[in-house]
Structure formats: C-alpha cells, structure tokens
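Single-structure report; data block below.
The values are calculated or read from the model by the stated rules, or taken from the named source; none is laboratory data. These numbers come from a predicted model, not from an experiment. A quick note on method: Cβ atoms are made from the backbone with ideal geometry, for glycine too, and the neighbour counts reach across all protein chains shown. To get the accessible areas, we keep the full protein, side chains included, count just its heavy atoms, and leave off ligands, DNA and RNA. Shrake-Rupley method; radii C 1.70, N 1.55, O 1.52, S 1.80 Å.
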Amino acid sequence: MLFAVVPKGFLPSEDSSQIFGTTETVQGTSYDDLVSHQLQVMAILQQDTANVDGMMSFLGGGQINQGRVFLQLKPRSQRRLSVDELIRVYNAKLAGIPGIQVFLQNPPPIRIGGRLSKSQYQFTLQSPDIHALYDNAKQLEGKMRQLPGLVNVTTDLQISSPQATVAINRDRAAALGVTAQQVETALYDAYGSGQVSTIYTPTNQYWVVMELLPEYQQDLSALSLLYIRSNNGTLVPLASLATITASVGPLTVNHAGQLPSVTISFDLKPGISIGTAVVDVQRVARQSLPSSITSSFSGTAQAFQSSQSGLLMLLVLAVFVIYMVLGILYESFIHPLTILSALPFAGFGALLTLLIFRVDLSVYAFVGIIMLVGLVKKNGIMMIDFALEAQRTEGKSAREAILQACSIRFRPIMMTTMAALMGTLPIALGVGQGSESRRPLGIAVVGGLAFSQFITLFVTPVIYTYLDELQQWLERRAPVGAAAAPEVSAAPAD
C-alpha cells in the first residue's frame, strides 16, 4: 500500500548553478524583431547581479523563431535562492515581455534522449494522417494545460507561419520563354542571401551577398516587381506569368520513426512527482485521441516508465539470489526465510520515511532500498547462525537457542547498525553541492535501518521458533525409506 501511495520520481532536481532557456517569438517574426525581443530578455536577466555570474545568448540552433539563453549562477553558498526558486522568479518577470515566450529549465544531472525541447518532459504523438495529427495535438495540448500538476505546457507544432505561394502558369511562361528553373533562380537571388563574390583586403576578406533591400524583403507586393530574363534576352515581370498568394503553413514538419509527429512538452509544479503526471497525461490521451494516432512518452519521461519495471525486477532478483545463497550456506529452505523476514520491515520503514519527508521514490531512493537488503539481513545472519550452532552442539531447544543468540549478539548487531546509520545520516541531511540527488538514498537507508532494527529484534526470534517447528513437522511427515529387500543366497551348482 505504501509503494502505491508514495510519489514516484526519476532523477531528483539538482542545483548545478546553471539555467538553460529557450525563447520563442510569434511565427513569422522577422530576424530583426527576434533580436529585439532577445535583447529585452537579456536585459531583465542581467539585472540580477546578486545571483547571476555570467550569461550567454544566441539565436538559431532550432527553429527560425527561437533562441537560446544560458545562465551561469554564483555558487549555492553565495545565493539565497535555489535554481528552481530562481526559475520561478525569472518566469514571473519575463512573462511581462510582449511577443516572446521564455521557457527556463534546470539542466538535469543526466540528460536522456537526444531531442532538446522547451520543457523537461516530452509526450510524442505520431500518425500517417498529418491533418488528424495536427488537429488532435492542439486539442490534447489544451486539455493538458488544464491539468493541475503541469506547467509550461507547449508544443513543437508550428503550422501558422506566414508564407507566399508562387503558382507558375506553365503555358504562359513557355510562351514568354521562361522556365521554372529561371523563376526559382530569380527568387533565390532576391531572398536567398547567396554569395556572389569575395572582396580580398590585405588583412581580411569579405563576402559579397546579393539580395533585395530590407524594405522590399518585408513587403509581399515587391514580388510583383521582380523581373526574369527570358531565353531571348527580354525582361518578363513575375506577375505576368505567376499568381502570388499569401497563406499560412507549417514552419517545420517534425518526424519520429519516419512518421509525422508532434511533441508536447511540459514541466511539473513544485511538489508534483513525474509518476503522478504520467498517469494524468495517459488518462487524458486515452480519452481524447483516436486509434489512428499513437502516443508515447519520450526522453526522461520514457526512461522513467522503463525504470519502474526494471527496478522492481532487480529488487526481486536480488532477494531471490540472496535466498539461494543462504539456502546453500545453511543447507535449508526454511531458515533463509527467517533471515529475510526483516526485509519487509526495512522496506516499510524506507517508504514511510520518504512519505513523511515528502521525497519521491526516485532511482537513488530505490538504490537505497536495494542496499537495505544487504544491510538488514546481516542482523538475521548473526542471530540465526549462533542459534543453529547452539541447537546442533549444545542440544538446546529453538526458544533457548534464539534467546541466547539475541542476548550475546545484541551488542555487535547494534554496533554495526549504528555505524551504518551514522555513515548515511550526512547523506540524508543533504549537505554539500549536489546533495539533492544523494538525499533520497540517505533517507531511504536511514529510515529502513532504524525501523527494521527496532522491529526485527523482537520479530525475528518469534519467526525463528515458528519456522523451526514447521521444519520439525515437515521432517516428521517425510516418508520413511522402503524396507531392505530380503537377502537371497544361491547354492553352488554341482
């Protein structure tokens, strides 16, 4: 029940004194406007001299209406706020800039997946029907924005970018001696920024780029003023052989696994675990998506789903291997169960401690629970080994043997347990750089050890006596070997 209740996590957020962000303007924004908006973002972030040590900004690297910002913060000891708290402060300030959205992230300690999105977790939709894919992706994005645990819900769907369509009248163009290749070349020379020459100087060289003046590049009507030289040398206006229309279209068509895809990314609100968010997103997707669209988590969210089943299998395998080793050591299938009887109490204490301190059951916490398997079973080994020896050599009953084992082995059991507790207590307190990742492991180990130590000293002797009676009962019910066959002698032949 505790395993179902405790929040599930993957990799805890770690304060690495860095912030990475993606900026995005309205589709169709010109390069000059993009630079202007980016400078406004930089001006606001540079004002926080108390926390920011340095920063960098650049445009490109993704879609043409996006930019990147990177902040190097001062060390944690010199800052009053953590990285996650600073991101919330910056988001409130940057939300007041019109025409641009800023998505700030705390870079994870381990980046999983090659796709870089505007938010940390990704949910990908795929379908061969691109129109149904785009329509349902918009609807799903709107429903995910309504989920209480998600923030910064956004998508890579960019289908409203202004575009100009030039439809060539092939018959008219052929009559005027103009080919489609000549039309394409004229358009590229006007808007393609192609290099036509190089100017060499004694100390440097400069590229000569042929293009229209900026005032014509921003005016759609300038297309009708372009002239194309025909095969007979005359200049033909573009408007006389083509129809120019303005429309909107996709900025990019993303693919995943050779199919058109749309990736919806999101972040989590403080106190919300990725396990809860995954369940909510899957529920909304099942309710709204048709069967023709496949959906799956990608990146960190996909790794979280895989880790849940993998870690549980690892825990079961570890307990099974230990049981087999103990069974071979004691030549019994019963007494290894006595030693392993302390494991449920250790797991209960670890999960209860995580729940009390509101820490997610992350990969590190699960590693701590697996460590408990080895730390806790040594208490049972120290008691059971002594009790079995007393029964075999001194002929004592199971009750007398286990009581003597508890009294004699009490001090070494307490010494080893306290040594393990004191060793993991600093990790549980979360002291030092990057302690956010190590703290779940320490809390799980300390909670599991403390609870199991208090309980198993009373429970393990009781289980030992009951299982010893069970073993004797099984031995009494074992079938007796068959009677020996009568001896037959044969007289020698004459």
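Might you check whether a residue that is surrounded by 17 or more Cβ atoms within 10 Å (Cβ to Cβ) and of a type in the set (A, V, I, L, M) occurs anywhere in the stretch 119-126?
Yes, some residue in the stretch 119-126 is surrounded by 17 or more Cβ atoms within 10 Å (Cβ to Cβ) and of a type in the set (A, V, I, L, M).
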Quiz prompt | Filter result for Y323 (over 21 Å from V445 (Cβ atoms) and of a type in the set (S, T, Y)) | solution = yes
Practice problem: Please find, within the stretch 257-271, the residue that is surrounded by the most Cβ atoms within 10 Å (Cβ to Cβ) out of those that are among the small types (G, A, S) and farther than 14 Å from G9 by Cβ. | Solution: S265
Quiz item: Which residue out of M383, M422, M371 is open to solvent by 60 Å² or more (accessible area, probe 1.4 Å) and touching a residue at least 60 places away in the same chain (Cβ under 8 Å)?
Solution: M371
Practice problem: Those residues that are modelled with pLDDT of 90 or more and surrounded by fewer than 19 Cβ atoms within 10 Å (Cβ to Cβ), I need them from the stretch 21-45; list them, please. | Solution: V35, S36, L39, Q40, M42, A43, I44
Exercise. Out of N91, N136, N152, report the one residue that is of a type outside the set (F, W, Y) and in contact with a Ser or Thr (Cβ under 6 Å, 6 or more places away or on another chain).
Key: N152
Practice problem: Look through the stretch 66-79, keep the residues that are farther than 20 Å from P108 by Cβ and at pLDDT 85 or above, and return whichever of them is least open to solvent (accessible area, probe 1.4 Å). | Solution: G67
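Yes/no matrix, rows are residues, columns are (1) among the charged types (D, E, K, R); (2) more than 30 Å from L311 (Cβ to Cβ); (3) touching a helix residue (DSSP H, G or I) at 6+ places or on another chain (Cβ under 8 Å); (4) in a loop (DSSP other than H, G, I, E, B):
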residue: P12; (1), (2), (3), (4): no, no, yes, yes
residue: T23; (1), (2), (3), (4): no, yes, yes, no
residue: V35; (1), (2), (3), (4): no, yes, no, no
residue: M42; (1), (2), (3), (4): no, yes, no, no
Exercise. From E141, E85, grab the single residue that is exposed (fewer than 15 other Cβ atoms within 10 Å of the Cβ) and of a type in the set (D, E).
Key: E85
Exercise. Report yes if T353 is part of a helix (DSSP H, G or I) and open to solvent by less than 10 Å² (accessible area, probe 1.4 Å), otherwise no.
Key: no
Quiz item: Is it fair to say T185 is exposed (fewer than 15 other Cβ atoms within 10 Å of the Cβ), over 30 Å from A285 (Cβ atoms) and modelled with pLDDT of 85 or more?
Solution: no
Quiz item: In the stretch 161-185, what residues are among the hydroxyl-bearing types (S, T, Y) and touching a Gly at 6+ places or on another chain (Cβ under 8 Å)?
Solution: S161
Practice problem: Among the residues of the stretch 387-416, write down those that are closer than 20 Å to P336 by Cα, open to solvent by less than 60 Å² (accessible area, probe 1.4 Å) and assigned to a helix (DSSP H, G or I). | Solution: A387, L388, A390, Q391, A398, A401, I402, Q404, A405, C406, I413
Quiz item: I322 versus (1) over 30 Å from R392 (Cβ atoms); (2) in contact (Cβ under 8 Å) with a residue 24 or more places away in the chain: which is the lone unmet condition?
Solution: (1)
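So which residues in the stretch 189-216 are modelled with pLDDT of 90 or more and either outside any loop (DSSP other than H, G, I, E, B) or open to solvent by 60 Å² or more (accessible area, probe 1.4 Å) (or both), if there are any at all?
S197, T198, I199, Y200, P202, T203, N204, Q205, Y206, W207, V208 - these are the residues of the stretch 189-216 that are modelled with pLDDT of 90 or more and either outside any loop (DSSP other than H, G, I, E, B) or open to solvent by 60 Å² or more (accessible area, probe 1.4 Å) (or both).
Where residues in the stretch 109-154 are acidic (D, E) and either in a helix (DSSP H, G or I) or within 15 Å of S265 (Cα to Cα) (or both), which of them is nearest to the chain's Cα centre (by Cα)? Give the steps one after another, and end with the answer.
Filtering the stretch 109-154 for residues acidic (D, E) gives 129, 135, 141.
With either in a helix (DSSP H, G or I) or within 15 Å of S265 (Cα to Cα) (or both) added as a condition, the list becomes 135, 141.
Numbers: D135: 27, E141: 19 Å.
Among those that are acidic (D, E) and either in a helix (DSSP H, G or I) or within 15 Å of S265 (Cα to Cα) (or both), it is E141.
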Practice problem: Count, please, the residues in the stretch 461-491 that happen to be at pLDDT 50 or above, in a loop (DSSP other than H, G, I, E, B) and open to solvent by 100 Å² or more (accessible area, probe 1.4 Å). | Solution: 2
Self-check item: Tally, over the stretch 49-62, of residues that are surrounded by fewer than 16 Cβ atoms within 10 Å (Cβ to Cβ) and part of a loop (DSSP other than H, G, I, E, B)
Solution: 4
Quiz prompt | Filter result for the condition that a residue is among the small types (G, A, S), in a strand (DSSP E or B), modelled with pLDDT of 85 or more and open to solvent by 50 Å² or more (accessible area, probe 1.4 Å), over A167, A174 | solution = A167
Quiz item: From the residues in the stretch 217-240 that are in a loop (DSSP other than H, G, I, E, B) and not polar (S, T, N, Q), which one is surrounded by the fewest Cβ atoms within 10 Å (Cβ to Cβ)?
Solution: G233
Self-check item: Which numbered condition S298 fails, given (1) open to solvent by 40 Å² or more (accessible area, probe 1.4 Å); (2) modelled with pLDDT under 85; (3) of a type in the set (G, A, S)
Solution: (1)
